[in-house]
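These notes concern the structure reproduced below.
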Amino acid sequence: MTNNHNFEKWSDTMFLKDLVTNPLIEVGEFSYYSGYYDSQEFENGCVRYLWGDPLTRAAFDPVKDMGWHLDKLIIGNYVCIAAGATILMGGNHNHHPDWITVYPFASHVEKSYEPKGDTVIKSDAWIGMNAMIMPGVTIGEGAVIAAGSMVVKDVPPYTIVGGNPARVIKQRFSTEEISMLLELRWFDWTKEQIEAAKDSLMSNNIDALYAHYKKYILN
């Protein structure tokens, strides 16, 4: 039995490249969404308040009409996004807590808009169930966002964060090992190169992966 979005069982995943049509969303080839338990589609549920879907494009064009610079959602490769995750893109762009009222009067919407910057989820990150990512945040390579977390600021590479607001729980590896991983960047390799290195990738032996990188990838 399928749910509303054709996930037949909880273990099903769908590649984001097969779900995304919005020109303001960029996704890596093998990044996926695990949406069986969610009641929303990825592009119009997991991602929220992002102009660019067909209906809002037909309704208005803030770039042409008001000269706004719209933020993008940029997702790297091999990113895992769990059901219920929310990536909040533009929900607070016209609400100013430093003004007397936070109410976005239509007559002043053009003036009140303020970009937050692109939201970036870099390669090999894992976004846990029901986590929320606020606008303009960058999540580093290999980072893990714990289930139910509220991410309000950038997350360093290969770091686990959790809570509301999300705080650093621990680094996944030593600082030296993280530097090695950021140098070799396995997620940018070809499919064939990754296939040949899977034994090392599916282990905690960073030294072995780095040796493989120096022997087979750099040459």
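FYI, it's all coordinate maths here, none of it is from the lab. Not measured: the values here are computed from a predicted model. Because the Cβ atoms are built from the backbone with ideal geometry, glycine has one as well, and the counts that use them run over all protein chains shown.
At-a-glance table
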quantity: Residue list for the range 102-120, filter: of a type in the set (Asp, Glu) and either touching a residue at least 40 places away in the same chain (Cβ under 8 Å) or more than 28 Å from PRO156 (Cα to Cα) (or both); calculated: GLU110, ASP118
quantity: Within the range 96-119, considering residues that are hydroxyl-bearing (Ser, Thr, Tyr) and surrounded by 13 or more Cβ atoms within 10 Å (Cβ to Cβ), the one farthest from LYS72 (Cα to Cα); calculated: SER112
quantity: Residues that are closer than 16 Å to THR119 by Cβ and in contact with a strand residue (DSSP E or B) (Cβ under 7 Å, 6 or more places away or on another chain), drawn from the range 153-164; calculated: ASP154, VAL155, VAL161
quantity: Residue list for the range 7-40, restricted to those being among the small types (Gly, Ala, Ser) and touching a helix residue (DSSP H, G or I) at 6+ places or on another chain (Cβ under 9 Å); calculated: GLY28, SER31, GLY35, SER39
quantity: Matching residues, the range 89-109, being within 17 Å of GLY136 (Cα to Cα) and either of a type in the set (A, V, I, L, M, F, W, C) or outside any loop (DSSP other than H, G, I, E, B) (or both); calculated: MET89
quantity: Index of the failed condition, ASP124 passing every other in (1) buried (at least 18 other Cβ atoms within 10 Å of the Cβ); (2) under 20 Å from GLU26 (Cβ atoms); (3) free of Cβ contacts under 8 Å to residues at least 60 places away in the same chain; calculated: (3)
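Conditions tested, residue by residue: (1) more than 23 Å from ALA125 (Cβ to Cβ); (2) assigned to a helix (DSSP H, G or I).
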| site | (1), (2) |
| --- | --- |
| LEU50 | no, no |
| ASP65 | yes, yes |
| TRP68 | yes, no |
| ASP71 | no, no |
| ASN77 | no, no |
| ILE87 | no, no |
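Residue-wise test of (1) over 14 Å from the mean Cα position of the chain (by Cα); (2) among the acidic types (Asp, Glu); (3) farther than 16 Å from VAL79 by Cα.
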residue: TRP126; (1), (2), (3): no, no, no
residue: MET132; (1), (2), (3): no, no, no
residue: GLU141; (1), (2), (3): no, yes, no
residue: GLY148; (1), (2), (3): yes, no, yes
residue: ASP154; (1), (2), (3): no, yes, yes
residue: ILE160; (1), (2), (3): yes, no, no
